[in-house]
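Undergrad: To start, I am sharing the structure in question, which I have written as C-alpha coordinates.
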Amino acid sequence: MPRITRPPRVAALAAAGLAAILALSACSAPAAEDSAESSQSDASLSIAITNVPNSIDPAVISQSPDATIWSALYDRLLSVDPDGKYVPNAAESWEYSDDGLTLTLKLRDDLSFSNGDPIDSAAVKATIDYVRETPGAGQTGWKQAESIEAPDPQTLVITLSQPDPLLLDGLATYLGVIADPATLGDPDNAQQPLESGPYTLDKEATVTGSVYVMQRRDDYWNADAYPFKKLTVKAITDYQALYNALSSGELDAGYAPSDQIPALEGNGFVNHVIEGQGTGSLIFADRDGEILPALADVRVRQAINMAIDRDGFVSQVLNGAGKAAEQKVTPGTIGYVEKLNETYPYDVEKARELMAEAGYADGFEVTMPSNFLSQSYEPIIGQALKDIGITVNWQVMQPQDPIWESLRFPMGFWVDGGANTANSMIMNYGPDGSFNPWHVTTPELDDLFATAYAATDEDSAAAAWEAINTYAVEEALSAPIFFTQANMVTRPGIEYLGTVPPSITTVQLYDVTD
(Lines give C-alpha, C1' and ligand atoms only; values in the text may rest on other atoms or scores of the structure.)
Protein backbone atom coordinates (compact mmCIF):
# COMPACT_ATOMS: atom_id res chain seq x y z
CA MET A 1 0.00 0.00 0.00
CA PRO A 2 1.29 3.52 -0.72
CA ARG A 3 2.48 5.40 2.32
CA ILE A 4 -0.09 7.85 3.68
CA THR A 5 1.60 11.21 3.62
CA ARG A 6 -1.29 13.39 4.79
CA PRO A 7 -1.17 13.42 8.59
CA PRO A 8 0.20 16.99 8.93
CA ARG A 9 -2.93 18.23 7.19
CA VAL A 10 -5.13 16.02 9.35
CA ALA A 11 -3.34 17.00 12.52
CA ALA A 12 -3.69 20.68 11.70
CA LEU A 13 -7.41 20.21 11.19
CA ALA A 14 -7.78 18.42 14.50
CA ALA A 15 -5.72 20.93 16.43
CA ALA A 16 -7.63 23.89 15.03
CA GLY A 17 -10.88 22.81 16.65
CA LEU A 18 -9.74 20.99 19.77
CA ALA A 19 -9.95 23.90 22.18
CA ALA A 20 -13.46 24.74 21.06
CA ILE A 21 -14.52 21.09 21.21
CA LEU A 22 -13.26 20.68 24.75
CA ALA A 23 -14.56 24.00 26.01
CA LEU A 24 -18.00 22.90 24.87
CA SER A 25 -17.57 19.12 25.03
CA ALA A 26 -20.16 18.72 27.69
CA CYS A 27 -22.15 21.50 26.23
CA SER A 28 -21.97 23.17 22.82
CA ALA A 29 -22.01 23.17 18.99
CA PRO A 30 -20.58 23.89 15.56
CA ALA A 31 -22.46 22.87 12.33
CA ALA A 32 -22.88 20.98 9.03
CA GLU A 33 -23.41 22.64 5.69
CA ASP A 34 -24.70 23.47 2.18
CA SER A 35 -26.99 25.81 0.44
CA ALA A 36 -30.63 25.57 1.38
CA GLU A 37 -33.35 26.13 -1.19
CA SER A 38 -34.11 29.63 0.03
CA SER A 39 -35.08 32.80 -1.75
CA GLN A 40 -33.40 36.13 -1.29
CA SER A 41 -34.62 38.33 1.52
CA ASP A 42 -33.54 41.44 3.38
CA ALA A 43 -32.85 39.46 6.56
CA SER A 44 -29.54 39.76 8.37
CA LEU A 45 -27.56 37.21 10.38
CA SER A 46 -25.12 37.92 13.18
CA ILE A 47 -23.10 35.00 14.52
CA ALA A 48 -19.99 34.47 16.64
CA ILE A 49 -16.84 32.42 16.13
CA THR A 50 -14.12 31.51 18.62
CA ASN A 51 -11.17 32.68 16.53
CA VAL A 52 -10.45 35.09 13.70
CA PRO A 53 -8.17 34.60 10.71
CA ASN A 54 -4.68 36.01 10.75
CA SER A 55 -5.05 36.08 6.99
CA ILE A 56 -7.60 35.19 4.33
CA ASP A 57 -4.85 34.26 1.89
CA PRO A 58 -5.86 30.94 0.23
CA ALA A 59 -2.54 29.35 1.22
CA VAL A 60 -3.12 29.69 4.96
CA ILE A 61 -6.87 29.30 5.48
CA SER A 62 -8.04 26.09 7.18
CA GLN A 63 -11.12 24.28 8.39
CA SER A 64 -11.11 26.07 11.75
CA PRO A 65 -14.05 28.26 12.88
CA ASP A 66 -12.87 31.26 10.88
CA ALA A 67 -14.08 29.38 7.80
CA THR A 68 -17.36 31.21 8.42
CA ILE A 69 -15.61 34.31 7.09
CA TRP A 70 -13.53 33.08 4.19
CA SER A 71 -16.21 30.67 2.91
CA ALA A 72 -18.54 33.67 2.44
CA LEU A 73 -15.91 35.59 0.45
CA TYR A 74 -14.45 32.79 -1.67
CA ASP A 75 -16.40 30.46 -3.94
CA ARG A 76 -15.51 26.78 -3.64
CA LEU A 77 -15.45 24.03 -6.23
CA LEU A 78 -17.69 21.71 -4.20
CA SER A 79 -19.87 22.09 -1.15
CA VAL A 80 -21.35 19.88 1.55
CA ASP A 81 -25.07 19.65 2.22
CA PRO A 82 -26.61 19.67 5.74
CA ASP A 83 -26.43 15.87 5.78
CA GLY A 84 -22.70 15.87 5.11
CA LYS A 85 -22.82 14.81 1.44
CA TYR A 86 -20.67 16.41 -1.27
CA VAL A 87 -22.67 18.44 -3.79
CA PRO A 88 -21.82 20.59 -6.83
CA ASN A 89 -20.93 24.23 -6.36
CA ALA A 90 -18.63 26.17 -8.70
CA ALA A 91 -17.94 22.79 -10.27
CA GLU A 92 -21.25 21.46 -11.56
CA SER A 93 -19.89 17.91 -11.90
CA TRP A 94 -16.83 15.79 -11.17
CA GLU A 95 -15.63 12.33 -12.14
CA TYR A 96 -12.75 10.10 -11.08
CA SER A 97 -10.85 7.79 -13.40
CA ASP A 98 -11.18 4.08 -12.63
CA ASP A 99 -7.80 4.03 -10.88
CA GLY A 100 -8.67 7.02 -8.70
CA LEU A 101 -5.65 8.98 -9.94
CA THR A 102 -7.40 11.54 -12.15
CA LEU A 103 -10.24 13.81 -11.10
CA THR A 104 -11.97 15.83 -13.82
CA LEU A 105 -14.22 18.73 -12.82
CA LYS A 106 -16.55 20.72 -15.06
CA LEU A 107 -17.07 24.34 -14.00
CA ARG A 108 -20.21 26.39 -14.37
CA ASP A 109 -20.08 28.96 -17.17
CA ASP A 110 -21.62 31.83 -15.16
CA LEU A 111 -18.98 32.31 -12.45
CA SER A 112 -17.56 35.78 -11.77
CA PHE A 113 -15.57 37.85 -9.31
CA SER A 114 -17.23 40.71 -7.48
CA ASN A 115 -15.72 43.21 -9.96
CA GLY A 116 -17.52 41.44 -12.81
CA ASP A 117 -14.52 39.61 -14.28
CA PRO A 118 -15.38 36.05 -15.34
CA ILE A 119 -13.97 33.03 -13.53
CA ASP A 120 -12.68 30.13 -15.61
CA SER A 121 -10.55 27.04 -15.05
CA ALA A 122 -7.36 29.07 -15.52
CA ALA A 123 -8.22 31.11 -12.42
CA VAL A 124 -8.87 27.93 -10.45
CA LYS A 125 -5.59 26.42 -11.64
CA ALA A 126 -3.72 29.60 -10.72
CA THR A 127 -5.17 29.50 -7.20
CA ILE A 128 -4.25 25.85 -6.71
CA ASP A 129 -0.76 26.34 -8.13
CA TYR A 130 -0.21 29.28 -5.77
CA VAL A 131 -1.34 27.24 -2.76
CA ARG A 132 0.87 24.32 -3.78
CA GLU A 133 3.91 26.59 -3.97
CA THR A 134 3.25 28.56 -0.76
CA PRO A 135 3.93 27.23 2.76
CA GLY A 136 0.68 26.80 4.66
CA ALA A 137 -2.13 24.39 5.43
CA GLY A 138 -3.11 24.17 1.79
CA GLN A 139 0.34 23.13 0.59
CA THR A 140 0.16 19.99 2.72
CA GLY A 141 -3.37 19.36 1.49
CA TRP A 142 -2.15 19.20 -2.11
CA LYS A 143 0.74 16.86 -1.33
CA GLN A 144 -0.63 14.04 -3.50
CA ALA A 145 -1.17 16.24 -6.58
CA GLU A 146 1.19 15.63 -9.50
CA SER A 147 -0.33 18.15 -11.87
CA ILE A 148 -3.19 20.59 -12.33
CA GLU A 149 -4.39 21.25 -15.86
CA ALA A 150 -7.00 23.53 -17.44
CA PRO A 151 -7.49 22.15 -20.97
CA ASP A 152 -10.46 24.45 -21.67
CA PRO A 153 -12.22 27.29 -19.80
CA GLN A 154 -14.71 24.98 -18.07
CA THR A 155 -12.53 21.92 -17.38
CA LEU A 156 -10.05 21.28 -14.57
CA VAL A 157 -8.03 18.06 -14.40
CA ILE A 158 -6.25 17.02 -11.21
CA THR A 159 -3.73 14.18 -11.50
CA LEU A 160 -2.60 12.43 -8.31
CA SER A 161 0.42 10.35 -7.42
CA GLN A 162 -1.85 8.05 -5.39
CA PRO A 163 -5.58 7.96 -4.64
CA ASP A 164 -6.52 10.56 -2.06
CA PRO A 165 -9.62 9.91 0.10
CA LEU A 166 -9.39 13.42 1.56
CA LEU A 167 -9.46 15.33 -1.72
CA LEU A 168 -13.21 15.79 -2.18
CA ASP A 169 -13.55 17.07 1.38
CA GLY A 170 -10.71 19.48 0.69
CA LEU A 171 -12.32 20.73 -2.52
CA ALA A 172 -15.54 21.33 -0.59
CA THR A 173 -13.64 23.33 2.00
CA TYR A 174 -10.25 25.07 2.08
CA LEU A 175 -8.62 23.44 -0.96
CA GLY A 176 -11.50 24.36 -3.24
CA VAL A 177 -11.44 28.16 -2.92
CA ILE A 178 -11.15 30.35 -6.00
CA ALA A 179 -9.09 33.56 -5.82
CA ASP A 180 -8.19 36.30 -8.27
CA PRO A 181 -4.92 35.30 -9.99
CA ALA A 182 -3.83 38.95 -10.26
CA THR A 183 -3.85 39.44 -6.48
CA LEU A 184 -2.48 36.11 -5.27
CA GLY A 185 0.36 36.72 -2.84
CA ASP A 186 -0.40 40.45 -2.56
CA PRO A 187 -0.17 41.38 1.17
CA ASP A 188 -2.85 44.03 0.67
CA ASN A 189 -5.33 41.28 -0.18
CA ALA A 190 -4.54 39.02 2.77
CA GLN A 191 -7.47 40.49 4.72
CA GLN A 192 -9.47 42.07 1.90
CA PRO A 193 -9.46 39.73 -1.13
CA LEU A 194 -11.30 40.28 -4.38
CA GLU A 195 -14.37 38.16 -3.72
CA SER A 196 -15.47 35.17 -5.80
CA GLY A 197 -18.08 33.98 -3.31
CA PRO A 198 -21.62 35.00 -2.36
CA TYR A 199 -20.62 37.97 -0.17
CA THR A 200 -18.40 41.02 -0.38
CA LEU A 201 -16.53 42.46 2.58
CA ASP A 202 -17.88 45.75 3.91
CA LYS A 203 -14.49 47.32 4.49
CA GLU A 204 -15.79 50.37 6.33
CA ALA A 205 -17.84 48.37 8.84
CA THR A 206 -15.25 45.61 9.32
CA VAL A 207 -12.73 45.74 12.17
CA THR A 208 -10.02 43.22 11.28
CA GLY A 209 -9.58 40.67 14.04
CA SER A 210 -12.86 41.56 15.73
CA VAL A 211 -15.92 42.08 13.54
CA TYR A 212 -16.41 41.14 9.88
CA VAL A 213 -19.41 42.60 8.06
CA MET A 214 -20.34 41.21 4.65
CA GLN A 215 -23.00 42.10 2.10
CA ARG A 216 -24.66 39.61 -0.25
CA ARG A 217 -23.71 39.75 -3.91
CA ASP A 218 -26.98 39.77 -5.81
CA ASP A 219 -25.04 39.02 -9.02
CA TYR A 220 -23.59 35.80 -7.55
CA TRP A 221 -24.60 32.76 -9.58
CA ASN A 222 -26.33 31.11 -6.60
CA ALA A 223 -27.53 34.21 -4.77
CA ASP A 224 -31.03 32.80 -4.28
CA ALA A 225 -29.57 30.17 -1.93
CA TYR A 226 -28.40 32.89 0.47
CA PRO A 227 -31.35 34.46 2.30
CA PHE A 228 -29.27 36.87 4.38
CA LYS A 229 -28.56 40.23 2.78
CA LYS A 230 -26.10 41.13 5.56
CA LEU A 231 -23.80 38.72 7.40
CA THR A 232 -21.91 39.79 10.53
CA VAL A 233 -19.31 37.52 12.13
CA LYS A 234 -17.94 38.50 15.53
CA ALA A 235 -15.00 37.02 17.42
CA ILE A 236 -16.15 36.14 20.95
CA THR A 237 -13.93 33.71 22.83
CA ASP A 238 -15.56 33.98 26.27
CA TYR A 239 -18.75 31.93 26.59
CA GLN A 240 -20.29 34.20 29.21
CA ALA A 241 -19.77 37.11 26.85
CA LEU A 242 -21.31 35.04 24.07
CA TYR A 243 -24.33 34.28 26.28
CA ASN A 244 -24.72 37.97 27.05
CA ALA A 245 -24.55 38.83 23.35
CA LEU A 246 -27.23 36.25 22.55
CA SER A 247 -29.49 37.38 25.39
CA SER A 248 -29.20 41.04 24.45
CA GLY A 249 -30.06 40.41 20.80
CA GLU A 250 -26.58 41.29 19.57
CA LEU A 251 -26.28 37.79 18.07
CA ASP A 252 -28.80 35.67 16.19
CA ALA A 253 -27.03 32.34 16.70
CA GLY A 254 -24.14 30.85 18.59
CA TYR A 255 -22.70 27.94 20.53
CA ALA A 256 -23.79 27.62 24.15
CA PRO A 257 -22.77 25.42 27.11
CA SER A 258 -25.44 23.07 28.39
CA ASP A 259 -25.92 24.94 31.65
CA GLN A 260 -26.96 28.04 29.68
CA ILE A 261 -29.51 26.26 27.51
CA PRO A 262 -32.53 26.46 29.90
CA ALA A 263 -32.16 30.22 30.26
CA LEU A 264 -31.71 30.75 26.54
CA GLU A 265 -34.70 28.55 25.73
CA GLY A 266 -36.67 30.57 28.28
CA ASN A 267 -35.82 33.62 26.18
CA GLY A 268 -37.20 31.96 23.05
CA PHE A 269 -34.01 30.52 21.57
CA VAL A 270 -34.15 27.12 19.91
CA ASN A 271 -31.39 24.62 20.77
CA HIS A 272 -30.07 22.31 18.07
CA VAL A 273 -28.01 19.42 19.49
CA ILE A 274 -25.21 18.21 17.21
CA GLU A 275 -24.07 14.75 18.23
CA GLY A 276 -20.65 13.34 17.44
CA GLN A 277 -18.87 16.68 17.42
CA GLY A 278 -15.69 14.96 18.62
CA THR A 279 -14.42 11.75 20.16
CA GLY A 280 -12.56 11.41 23.46
CA SER A 281 -10.27 8.38 23.45
CA LEU A 282 -7.28 6.67 24.95
CA ILE A 283 -4.72 6.64 22.15
CA PHE A 284 -2.54 3.52 21.93
CA ALA A 285 0.42 5.06 20.14
CA ASP A 286 2.87 2.24 20.91
CA ARG A 287 0.93 -0.74 19.56
CA ASP A 288 4.14 -2.62 18.77
CA GLY A 289 5.32 -2.29 22.36
CA GLU A 290 8.53 -0.40 21.63
CA ILE A 291 8.60 1.30 25.05
CA LEU A 292 5.59 -0.39 26.69
CA PRO A 293 5.62 -4.08 25.68
CA ALA A 294 2.19 -4.70 27.19
CA LEU A 295 0.47 -2.64 24.50
CA ALA A 296 1.62 -5.07 21.82
CA ASP A 297 -0.77 -7.65 23.26
CA VAL A 298 -4.33 -7.23 21.97
CA ARG A 299 -5.65 -8.70 25.23
CA VAL A 300 -4.19 -5.80 27.19
CA ARG A 301 -5.74 -3.29 24.81
CA GLN A 302 -9.07 -5.09 25.04
CA ALA A 303 -8.81 -5.18 28.83
CA ILE A 304 -8.35 -1.41 28.93
CA ASN A 305 -11.45 -1.02 26.78
CA MET A 306 -13.46 -3.21 29.16
CA ALA A 307 -12.22 -1.36 32.24
CA ILE A 308 -13.91 1.90 31.26
CA ASP A 309 -17.43 2.63 32.47
CA ARG A 310 -18.40 4.72 29.45
CA ASP A 311 -21.97 5.38 30.56
CA GLY A 312 -20.71 6.48 33.96
CA PHE A 313 -18.13 8.68 32.28
CA VAL A 314 -20.79 10.46 30.23
CA SER A 315 -23.06 10.83 33.26
CA GLN A 316 -20.46 11.91 35.80
CA VAL A 317 -17.95 13.88 33.76
CA LEU A 318 -19.97 15.18 30.82
CA ASN A 319 -23.16 15.68 32.85
CA GLY A 320 -25.06 13.68 30.27
CA ALA A 321 -24.05 15.96 27.40
CA GLY A 322 -22.50 13.30 25.20
CA LYS A 323 -22.73 9.65 24.28
CA ALA A 324 -20.71 6.54 25.12
CA ALA A 325 -18.35 5.56 22.31
CA GLU A 326 -16.57 2.33 21.41
CA GLN A 327 -15.49 3.47 17.95
CA LYS A 328 -13.72 6.52 16.57
CA VAL A 329 -16.25 7.07 13.77
CA THR A 330 -19.01 9.37 14.94
CA PRO A 331 -22.76 8.76 14.46
CA GLY A 332 -24.16 10.09 11.21
CA THR A 333 -20.88 9.83 9.27
CA ILE A 334 -19.77 7.18 6.81
CA GLY A 335 -18.10 4.17 8.37
CA TYR A 336 -20.14 4.27 11.59
CA VAL A 337 -21.27 0.77 12.65
CA GLU A 338 -23.92 0.72 15.37
CA LYS A 339 -23.28 -2.87 16.49
CA LEU A 340 -19.66 -2.02 17.37
CA ASN A 341 -21.03 -0.22 20.43
CA GLU A 342 -21.60 -3.64 22.00
CA THR A 343 -17.99 -4.84 21.66
CA TYR A 344 -16.59 -3.91 25.07
CA PRO A 345 -19.15 -3.95 27.90
CA TYR A 346 -17.92 -2.54 31.21
CA ASP A 347 -16.54 -5.63 32.95
CA VAL A 348 -13.63 -5.19 35.36
CA GLU A 349 -13.41 -8.89 36.22
CA LYS A 350 -13.19 -9.91 32.58
CA ALA A 351 -10.60 -7.18 32.02
CA ARG A 352 -8.48 -8.56 34.86
CA GLU A 353 -8.73 -12.03 33.35
CA LEU A 354 -7.45 -10.71 30.03
CA MET A 355 -4.59 -8.94 31.79
CA ALA A 356 -3.64 -12.19 33.53
CA GLU A 357 -3.84 -14.19 30.29
CA ALA A 358 -1.46 -11.70 28.71
CA GLY A 359 1.00 -12.13 31.58
CA TYR A 360 0.19 -8.89 33.40
CA ALA A 361 -1.79 -10.11 36.40
CA ASP A 362 0.21 -7.68 38.55
CA GLY A 363 -0.35 -4.85 36.10
CA PHE A 364 2.25 -2.29 35.05
CA GLU A 365 3.02 1.43 35.19
CA VAL A 366 2.60 3.88 32.34
CA THR A 367 3.41 7.56 31.94
CA MET A 368 0.79 9.57 30.07
CA PRO A 369 0.81 13.24 28.99
CA SER A 370 -1.23 15.70 31.01
CA ASN A 371 -2.46 18.79 29.16
CA PHE A 372 -5.54 20.95 28.66
CA LEU A 373 -7.25 18.10 26.81
CA SER A 374 -6.85 15.52 29.55
CA GLN A 375 -6.84 17.28 32.90
CA SER A 376 -10.60 17.23 33.46
CA TYR A 377 -10.69 13.51 32.77
CA GLU A 378 -7.53 12.29 34.49
CA PRO A 379 -9.05 11.20 37.84
CA ILE A 380 -11.68 8.92 36.31
CA ILE A 381 -9.30 7.53 33.67
CA GLY A 382 -6.60 6.89 36.25
CA GLN A 383 -9.05 5.08 38.54
CA ALA A 384 -10.42 2.90 35.74
CA LEU A 385 -6.91 1.76 34.81
CA LYS A 386 -5.93 1.28 38.45
CA ASP A 387 -8.88 -1.09 38.84
CA ILE A 388 -7.14 -3.54 36.50
CA GLY A 389 -3.64 -2.99 37.88
CA ILE A 390 -2.37 -0.20 35.63
CA THR A 391 -0.79 2.72 37.48
CA VAL A 392 -0.81 6.00 35.56
CA ASN A 393 1.83 8.64 36.11
CA TRP A 394 0.67 11.91 34.56
CA GLN A 395 3.41 14.13 33.17
CA VAL A 396 2.43 17.79 32.79
CA MET A 397 2.99 19.17 29.30
CA GLN A 398 2.95 22.74 28.03
CA PRO A 399 0.79 23.59 25.00
CA GLN A 400 3.86 23.95 22.78
CA ASP A 401 5.43 20.66 23.86
CA PRO A 402 5.42 17.84 21.29
CA ILE A 403 3.50 14.84 22.58
CA TRP A 404 3.12 11.96 20.16
CA GLU A 405 6.00 12.81 17.85
CA SER A 406 8.37 12.86 20.82
CA LEU A 407 8.02 9.06 21.14
CA ARG A 408 7.91 9.47 24.92
CA PHE A 409 4.34 8.40 25.59
CA PRO A 410 3.05 4.95 24.65
CA MET A 411 -0.54 6.00 25.32
CA GLY A 412 -2.60 8.98 26.41
CA PHE A 413 -5.95 10.73 26.26
CA TRP A 414 -6.99 12.92 23.36
CA VAL A 415 -10.09 14.48 21.80
CA ASP A 416 -10.29 14.83 18.04
CA GLY A 417 -12.96 16.20 15.73
CA GLY A 418 -15.55 13.92 14.21
CA ALA A 419 -16.59 15.60 10.98
CA ASN A 420 -14.60 13.44 8.58
CA THR A 421 -14.19 9.66 8.80
CA ALA A 422 -11.21 9.49 6.45
CA ASN A 423 -9.36 12.10 8.52
CA SER A 424 -10.05 10.20 11.72
CA MET A 425 -9.06 6.77 10.39
CA ILE A 426 -5.85 8.03 8.77
CA MET A 427 -4.86 10.13 11.77
CA ASN A 428 -5.39 7.30 14.25
CA TYR A 429 -4.60 4.12 12.35
CA GLY A 430 -2.76 5.03 9.14
CA PRO A 431 0.95 4.07 9.01
CA ASP A 432 1.98 7.73 9.14
CA GLY A 433 -0.94 8.95 11.26
CA SER A 434 -0.32 11.64 13.85
CA PHE A 435 -1.49 9.28 16.61
CA ASN A 436 0.60 6.40 15.24
CA PRO A 437 4.11 7.82 15.71
CA TRP A 438 5.78 4.40 15.67
CA HIS A 439 4.19 3.74 12.23
CA VAL A 440 2.55 0.52 13.38
CA THR A 441 0.58 -1.37 10.76
CA THR A 442 -0.39 -4.90 9.75
CA PRO A 443 -0.86 -6.57 6.35
CA GLU A 444 -4.61 -6.66 7.02
CA LEU A 445 -4.75 -2.96 7.82
CA ASP A 446 -2.59 -2.11 4.80
CA ASP A 447 -5.02 -3.95 2.54
CA LEU A 448 -8.02 -2.20 4.11
CA PHE A 449 -6.47 1.23 3.63
CA ALA A 450 -5.53 0.40 0.04
CA THR A 451 -9.17 -0.44 -0.64
CA ALA A 452 -10.38 2.77 1.01
CA TYR A 453 -7.89 4.87 -0.95
CA ALA A 454 -8.96 3.32 -4.24
CA ALA A 455 -12.69 3.89 -3.64
CA THR A 456 -14.08 6.37 -6.17
CA ASP A 457 -17.78 6.25 -5.29
CA GLU A 458 -19.69 6.83 -2.08
CA ASP A 459 -20.92 3.26 -1.54
CA SER A 460 -17.52 1.61 -1.94
CA ALA A 461 -15.89 4.29 0.23
CA ALA A 462 -18.47 3.76 2.99
CA ALA A 463 -17.90 0.00 2.94
CA ALA A 464 -14.13 0.46 3.05
CA TRP A 465 -14.18 2.83 6.02
CA GLU A 466 -16.64 0.56 7.84
CA ALA A 467 -14.17 -2.29 7.39
CA ILE A 468 -11.30 -0.23 8.80
CA ASN A 469 -13.44 0.94 11.70
CA THR A 470 -14.50 -2.63 12.48
CA TYR A 471 -10.93 -3.90 12.37
CA ALA A 472 -9.77 -1.07 14.65
CA VAL A 473 -12.46 -1.84 17.24
CA GLU A 474 -12.01 -5.59 17.20
CA GLU A 475 -8.23 -5.28 17.46
CA ALA A 476 -8.59 -2.54 20.11
CA LEU A 477 -6.28 -0.17 18.26
CA SER A 478 -7.55 2.57 20.60
CA ALA A 479 -10.05 2.93 23.43
CA PRO A 480 -12.77 5.41 22.46
CA ILE A 481 -14.71 6.62 25.50
CA PHE A 482 -17.25 9.26 24.51
CA PHE A 483 -18.67 11.34 21.71
CA THR A 484 -19.05 15.00 22.54
CA GLN A 485 -22.12 16.96 21.60
CA ALA A 486 -22.58 20.62 20.83
CA ASN A 487 -25.46 23.03 21.17
CA MET A 488 -26.25 25.60 18.51
CA VAL A 489 -28.91 28.06 19.60
CA THR A 490 -30.84 30.32 17.23
CA ARG A 491 -33.28 33.11 17.89
CA PRO A 492 -36.86 32.93 16.55
CA GLY A 493 -36.86 33.53 12.82
CA ILE A 494 -33.50 31.84 12.23
CA GLU A 495 -33.25 28.13 11.42
CA TYR A 496 -30.16 25.95 11.78
CA LEU A 497 -30.00 23.32 9.01
CA GLY A 498 -27.10 21.07 10.01
CA THR A 499 -27.79 17.43 10.89
CA VAL A 500 -24.23 16.08 11.25
CA PRO A 501 -20.86 17.47 12.44
CA PRO A 502 -19.63 19.88 9.75
CA SER A 503 -16.42 19.94 7.77
CA ILE A 504 -16.54 23.72 8.08
CA THR A 505 -19.02 26.16 9.55
CA THR A 506 -20.60 28.39 6.90
CA VAL A 507 -23.55 30.74 6.42
CA GLN A 508 -25.11 27.95 4.36
CA LEU A 509 -26.09 26.25 7.63
CA TYR A 510 -28.68 28.92 8.41
CA ASP A 511 -31.99 29.91 6.91
CA VAL A 512 -34.89 32.27 7.56
CA THR A 513 -38.11 30.82 8.93
CA ASP A 514 -41.55 32.10 8.06
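The values are calculated or read from the model by the stated rules, or taken from the named source; none is laboratory data. This structure is a prediction, so every number in the text was calculated from the model and none was measured. Cβ sites come from the backbone with ideal geometry, for glycine too, and all protein chains shown count toward neighbours. Calculation scope for accessible area: heavy atoms of the full protein, side chains included, ligands and nucleic acids excluded. Shrake-Rupley method; radii C 1.70, N 1.55, O 1.52, S 1.80 Å.
Undergrad: Find which of V52, P379, Y360 sits farthest along the positive direction of the dipole of the chain, computed with +1 on the beta-carbon of Lys and Arg, -1 on that of Asp and Glu, about the Cα centre.
TA: Looking along the dipole axis, the top candidate is P379.
Undergrad: At 1.4 Å probe size, with every protein chain present, just tell me what the per residue accessible area of the chain comes to in Å².
TA: That works out to 37 Å² for each residue.
Undergrad: Which value, in debye to the nearest 20, gives the size of the charge dipole of the stretch 233-287 about its Cα centre, when Lys and Arg are +1 and Asp and Glu are -1 at the Cβ? Each step should come with its number before you reach the end.
TA: Values: 2 positive and 7 negative charges, 26 e Å.
The dipole of the stretch 233-287 has a size of about 120 debye.
Undergrad: In terms of modelled amide H atoms, which long-range or inter-chain residues lie less than 5 Å from the amide H of N89?
TA: S79
Undergrad: Mind checking which lysines have their Cα closer than 26 Å to the Cα of K328? Skip sequence neighbours fewer than 8 apart in that chain.
TA: Correct list for K328: K85, K143, K339, K350, K386.
Undergrad: Determine ³J(HN,Hα), in whole Hz, for all residues of the stretch 292-308 in sequence, where each value follows from phi through the Karplus function 6.51 cos²θ - 1.76 cosθ + 1.60 and θ = phi - 60°; x replaces Gly and Pro.
TA: 9, x, 4, 5, 6, 9, 4, 5, 5, 5, 5, 4, 4, 4, 7, 7, 9
Undergrad: Moving on. How would you rank 295-306, 263-274, 461-472, highest first, on the average number of other Cβ atoms within 10 Å across their residues?
TA: Details: 295-306: 22.2, 263-274: 16.0, 461-472: 20.4.
In decreasing order of mean packing, 295-306, 263-274, 461-472 become 295-306, 461-472, 263-274.
Undergrad: Between D109 and Y471, what's the calculated FRET efficiency when r is the beta-carbon distance and R0 is 35 Å? Round to 0.05. The partial results should precede the final answer.
TA: Details: r = 45 Å, r/R0 = 1.29.
Approximately 0.20, to the nearest 0.05.
Undergrad: Peptides 108-115, 185-192, 281-288: what's the order by average Cβ count within 10 Å, highest mean first? Intermediate values should be presented prior to the final figure.
TA: Values: 108-115: 15.8, 185-192: 13.6, 281-288: 23.5.
Top to bottom by mean Cβ count within 10 Å: 281-288, 108-115, 185-192.
Undergrad: Continuing with the same structure: What whole-number distance in Å separates the alpha-carbon centres of the stretch 294-332 and the stretch 446-514?
TA: If we compute the Cα centre of each part, the gap is 19 Å.
Undergrad: Which one of S460, L497, T470 is farthest out on the positive end of the charge dipole of the stretch 395-514, using unit charges on Cβ (Lys, Arg +1; Asp, Glu -1) and the Cα centre as origin?
TA: L497
Undergrad: Something else: Between K229 and S93, what's the calculated FRET efficiency when r is the beta-carbon distance and R0 is 30 Å? Round to 0.05.
TA: Details: r = 30 Å, r/R0 = 1.01.
E between K229 and S93, to the nearest 0.05, is 0.50.
Undergrad: Short version: ³J(HN,Hα) in whole Hz for each residue of the stretch 181-189, in order, from phi by Karplus 6.51 cos²θ - 1.76 cosθ + 1.60 (θ = phi - 60°), x for Gly and Pro, what are they?
TA: x, 5, 10, 4, x, 7, x, 5, 9
Undergrad: Assign unit charges at the C-beta atoms only (+1 for Lys and Arg, -1 for Asp and Glu), then state the dipole size of the chain relative to its Cα centre in Debye, rounded to the nearest 20. Provide the component values of the computation, followed by the final result.
TA: Details: 28 positive and 72 negative charges, 236 e Å.
Charge dipole, the chain, about its Cα centre: 1140 debye, nearest 20.
Undergrad: Probe radius 1.4 Å, ligands and nucleic acids ignored: give me the carbon and sulfur share of the accessible area of the chain as a rounded percent.
TA: Working: 8950 of 18980 Å².
Looking at the chain in its full context, I get 47 percent from C and S.
Undergrad: What full-extension length gain, to one decimal in nm, is calculated for D152 and T102 as 0.36 nm per residue of separation minus the Cα-Cα distance? The partial results should precede the final answer.
TA: Numbers: separation 50, 0.36 × 50 = 18.00 nm, distance 1.63 nm.
That works out to 16.4 nm of additional length.
Undergrad: Amide H of F482: which non-local residues (sequence gap of 5 or more, or other chain) have their own amide H closer than 5 Å, using H built in the peptide plane?
TA: Those lying under 5 Å, H to H, from F482 are G280, A325.
Undergrad: Can you compute 3J(HN,Hα) from phi for each residue in the stretch 98-105, using the Karplus curve 6.51 cos²θ - 1.76 cosθ + 1.60 with θ = phi - 60°, rounded to whole Hz and x for Gly and Pro?
TA: Residue by residue, the stretch 98-105 yields 4, 8, x, 9, 10, 10, 10, 10 Hz.
Undergrad: Using modelled backbone amide H atoms (1.01 Å from N, in-plane), which distant-in-sequence or interchain residues come within less than 5 Å of D202's amide H?
TA: V213, M214, Q215
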